[in-house]
Amino acid sequence: MDAPERYEQLIAFLGSQLPAPVEQEIDADGAMRFVGGEPPEVIVVLTQSSVVVSEFRGVWETPLKFTDRPRRIGLIKWRRLPETALWNALGALLKGAQQARLARFQVCQYCGQNTAPEWLHDDRVCQSCADRHSGAVH
Ligand SMILES: [Zn+2]
C-alpha cells in the first residue's frame, strides 16, 4: 500500500468513525482538520506524516468569544504502522477522546438536556435555564 492511497483511506476512516456530523477543513499549512460531533467532541488533524487526535475543549475568553483549546490525546506517525495496527490505534484514540469529552457533559436538572461544559452555567444547570431562571427572579 503506498502512502497517497493510505492517506485517502485515513480521510475515509475519519469521516466514518468520528462522531457525526463531521466537518472538514484545510489549514493554512495544508493539514486537514476534522471536527466531529455537535457540539464538537473530537478534533483530528491529519498531515502527510502524522494524525493527531484531541478531545474538544474550549474557554470563553469574553462572554461572547469562545476559543477552542483542544486537549491532545495522541499522535500517530501513520506511515510507520502496518495497516491493522493503524486502524486499531486510531480507532482507540477516537473512542478515548470522545469518552473523555462526553464524561464532562452534565444533564441539566431543569430541562434535562445533556449539556457540554462550556454551556453549563453551574453544576447541573445549563446556561439557557440559568438565564430564564434569573429573568424570573428579577
Ligand atoms: Zn437547562
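Every read-out reported here was derived from the displayed coordinates using simple, explicitly stated rules and does not represent laboratory data. Not measured: the values here are computed from a predicted model. Counting neighbours? That spans all protein chains shown, and the Cβs are built from the backbone with ideal geometry, glycine included.
Observations, loosely collected:
- Close Cβ contacts (under 7 Å, 6 or more residues apart or on different chains) running from residues in the stretch 117-134 that are touching a residue at least 24 places away in the same chain (Cβ under 8 Å) to residues that are near the ligand (Cβ under 10 Å from one of its atoms) and not aliphatic (A, V, I, L, M) comprise Trp119/Cys126; Trp119/Gln127.
- On the stretch given as the stretch 57-89, residues that are under 14 Å from the mean Cα position of the chain (by Cα) and either under 17 Å from Leu18 (Cα atoms) or surrounded by 15 or more Cβ atoms within 10 Å (Cβ to Cβ) (or both) total 7.
- Once the stretch 52-85 is narrowed to residues that are in contact with a helix residue (DSSP H, G or I) (Cβ under 7 Å, 6 or more places away or on another chain) and aliphatic (A, V, I, L, M), the residue that is nearest to Asp27 (Cα to Cα) is Val53.
- Screening the stretch 95-138 for residues that are part of a loop (DSSP other than H, G, I, E, B), within 14 Å of the ligand (Cβ to nearest atom) and among the hydrophobic types (A, V, I, L, M, F, W, C) and picking the one that is surrounded by the fewest Cβ atoms within 10 Å (Cβ to Cβ) gives Cys111.
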